[in-house]
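**Q** One structure is given below, represented as structure tokens, and several questions about it will come after.
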Amino acid sequence: MFAATAKAPRTVTKGDWKVSMTPDDLYRNPMEIAWTFDYALGKGKVEDLYKRAKQNQWDSDELLPWDTEVDPSKPMVSDRASMFHKMPFFNKLSKSQRETFTAHSTAQLLSQFLHGEQGALMTAACVTHSVPDATAKLYAASQTMDEARHVEVYSRYCDKIAMVYPMSPWLKALIDATLKSDRYEKVMIGMNMIVEGLALGAFNNMYHSTTCPLLKALTFNVMRDESRHVSFGHAYLGPVIAKLDEAEREELAEFAFNAINIIVQATLAGDAQGLASRLDPGFMEVLANSGIDADDFFKGLEEAAEMGILQELPPGQIHSLKDLMLPAIARVGLITPTVRKKYEEVGIPITEDPRILNAMEGGHPEQLAAE
Ligand SMILES: [Fe+2]
Ligand SMILES: [Fe+2]
């Protein structure tokens, strides 16, 4: 009876915005709970990360300039940093249409940050109860608190601009596949290596492109936490994967490939960031709210893609898949000969250069994020 009540679809209203909940938003996961009675805390990389996590906790009430005035009708990012503004199609739009589109598409992106942070909150809690190692449990608990703070700050920022867009279907599918998996290693691969690689790249790009001082400060502090989360994926999971037998390693490699492929297929249906897609009701809403005809927009997107205009990222921006996700997967030995063929089949070039990844997760993203 409880389940039937809880599973009833409902609509959550937030100001003028409505978010529909579906029965798919409530499910059980098959994860095991692992007690551990070996409380010995050593001096390894995971202990270091836990220490850094304790030292770097922050309170958004004290740290962030919440009284900054934000005009929701004005773009929060500079035009030169927007991939969409490179499309020749954009020159045909009026200034106000361009501004409205930038404001709304940025709100749509920020909404993905918000929903993704909720997913991260749940995966971190999941790792806390299922990882069979005391230090990793403490670290995962610290990450759970970090993610709670991230949900809080993005939710407050979205309140400030009074815009929340629904979660993109592919991001929901990716995080659901992670939360529904049966091993904590898969949860860490899905979140700490893939989703957080994606997020770290997107946050870095937002940090560089935003013109709002509040959003800049918020993003900077979230990025510092995220760099630890990505680092945890490597520091803890690297040695665990090295000890697995071939069949188990293959199973994890396959999981990583499928997760990455969800992102790649989503970007094939639209732009390189997976933001603009006909399959995304949120993005279709962005176009409708900006008074832009969807057919014209996607024709413009195709035209720009054919001209190679969307290939090059604006200066200072990072390509999450190429620079962060694939090197993280390769570094822990999850590009096996079998999955390498699968990447080739779907046309994903494997990139293994870990330099940008190392710099981003070194706890000093400011080195990269510096203007
Ligand atoms: Fe986060
Ligand atoms: Fe995170």
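**Q** Out of (1) under 18 Å from the mean Cα position of the chain (by Cα); (2) in a helix (DSSP H, G or I), what's the single condition that is false for L275?
**A** The number of the failed condition is (2).
**Q** Out of G291, G282, G300, I need the residue that is buried (at least 17 other Cβ atoms within 10 Å of the Cβ), more than 16 Å from ligand 2 (Cβ to nearest atom) and closer than 21 Å to S111 by Cα. Which one?
**A** Selected residue: G282, the only one of G291, G282, G300 that is buried (at least 17 other Cβ atoms within 10 Å of the Cβ), more than 16 Å from ligand 2 (Cβ to nearest atom) and closer than 21 Å to S111 by Cα.
**Q** Being out of contact with any Pro (no Cβ under 7 Å at 6 or more places or on another chain) and under 25 Å from P354 (Cα atoms) narrows it down to one of T123, T128, T135, so name that one.
**A** T123
Residue-wise test of (1) within 16 Å of ligand 2 (Cβ to nearest atom); (2) in a helix (DSSP H, G or I); (3) among the hydroxyl-bearing types (S, T, Y); (4) surrounded by fewer than 16 Cβ atoms within 10 Å (Cβ to Cβ).
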residue	(1), (2), (3), (4)
Q57	yes, no, no, yes
P72	no, no, no, yes
H85	no, yes, no, no
S96	no, yes, yes, yes
F101	no, yes, no, no
H115	yes, yes, no, no
A120	yes, yes, no, no
A124	yes, yes, no, no
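**Q** Give the number of residues within the stretch 218-253 that are more than 11 Å from ligand 1 (Cβ to nearest atom) and among the charged types (D, E, K, R).
**A** 7
**Q** Which pairs turn up if I take residues in the stretch 192-214 that are outside any helix (DSSP H, G or I) and look for partners that are crowded, with 24+ Cβ neighbours inside 10 Å with beta carbon separation below 7 Å, at least 6 apart in sequence or on another chain?
**A** T210/T219
**Q** When T210 is evaluated against the numbered criteria (1) of a type in the set (S, T, Y); (2) closer than 26 Å to Q143 by Cβ; (3) surrounded by fewer than 19 Cβ atoms within 10 Å (Cβ to Cβ), which criterion, by number, is the only one it fails?
**A** (3)
**Q** List the number of the failed condition for L244; all other conditions in (1) at pLDDT 90 or above; (2) in a loop (DSSP other than H, G, I, E, B); (3) more than 22 Å from K180 (Cα to Cα) hold.
**A** Only one criterion in (1) at pLDDT 90 or above; (2) in a loop (DSSP other than H, G, I, E, B); (3) more than 22 Å from K180 (Cα to Cα) is unmet by L244, namely (3).
**Q** When you scan the stretch 313-330, how many residues do you find that are of a type outside the set (S, T, N, Q) and in a loop (DSSP other than H, G, I, E, B)?
**A** Pass one, the stretch 313-330, residues of a type outside the set (S, T, N, Q): 313-316, 318-319, 321-330.
Still in the list and also in a loop (DSSP other than H, G, I, E, B): 313-316, 318-319.
Within the stretch 313-330, residues that are of a type outside the set (S, T, N, Q) and in a loop (DSSP other than H, G, I, E, B) number 6.
**Q** Quick check on my filter: what residues within the stretch 130-155 are more than 13 Å from ligand 2 (Cβ to nearest atom), within 17 Å of V46 (Cβ to Cβ) and in a helix (DSSP H, G or I)? Explain how you work it out, then say what you get.
**A** First, pick out the residues of the stretch 130-155 that are more than 13 Å from ligand 2 (Cβ to nearest atom): 130-138, 141, 152, 155.
Next, from what is left, pick out any that are within 17 Å of V46 (Cβ to Cβ): 130-138, 141.
Hits for the stretch 130-155 are S130, A134, T135, A136, K137, L138, A141.
**Q** Then there is this: Within the stretch 131-147, is even one residue surrounded by fewer than 18 Cβ atoms within 10 Å (Cβ to Cβ), away from ligand 1 (no atom under 16 Å from the Cβ) and closer than 26 Å to R28 by Cβ?
**A** Yes - at least one qualifying residue is present in the stretch 131-147.
**Q** What do you reckon, is D79 at pLDDT 90 or above and surrounded by fewer than 20 Cβ atoms within 10 Å (Cβ to Cβ)?
**A** Considered against the rule, which asks whether it is at pLDDT 90 or above and surrounded by fewer than 20 Cβ atoms within 10 Å (Cβ to Cβ), D79 comes out as no.
**Q** Are any residues in the stretch 15-55 surrounded by 12 or more Cβ atoms within 10 Å (Cβ to Cβ), among the acidic types (D, E) and farther than 21 Å from P281 by Cα, and if so, which ones?
**A** Those that are surrounded by 12 or more Cβ atoms within 10 Å (Cβ to Cβ), among the acidic types (D, E) and farther than 21 Å from P281 by Cα: E47, D48.
**Q** Is one or more of the residues making up the stretch 167-177 crowded, with 18+ Cβ neighbours inside 10 Å, more than 16 Å from ligand 2 (Cβ to nearest atom), in contact (Cβ under 8 Å) with a residue 40 or more places away in the chain and not in a helix (DSSP H, G or I)?
**A** Yes.
**Q** Cβ contacts < 7 Å: first residue among the polar types (S, T, N, Q), restricted to the stretch 224-248; second residue within 16 Å of ligand 1 (Cβ to nearest atom) and assigned to a helix (DSSP H, G or I), any location; separation 6+ or different chain. Result?
**A** Listed by first residue and then by second, the contacts come to S227/L200; S227/M360; S227/E361; S227/P365; S231/L49; S231/E361.
**Q** Separate question: On the given criteria, is V164 over 11 Å from the mean Cα position of the chain (by Cα), surrounded by 19 or more Cβ atoms within 10 Å (Cβ to Cβ) and more than 16 Å from ligand 2 (Cβ to nearest atom)?
**A** Details: over 11 Å from the mean Cα position of the chain (by Cα): yes; surrounded by 19 or more Cβ atoms within 10 Å (Cβ to Cβ): yes; more than 16 Å from ligand 2 (Cβ to nearest atom): yes.
Yes.
**Q** Can you tell which of V195, V187 is surrounded by 23 or more Cβ atoms within 10 Å (Cβ to Cβ), hydrophobic (A, V, I, L, M, F, W, C) and within 12 Å of ligand 2 (Cβ to nearest atom)?
**A** V195
The values are calculated or read from the model by the stated rules, or taken from the named source; none is laboratory data. The structure presented is a predicted model; accordingly, all values stated were derived computationally and were not measured. In this analysis, Cβ positions are derived from the backbone assuming ideal geometry, glycine residues included, and neighbour counts consider all displayed protein chains.
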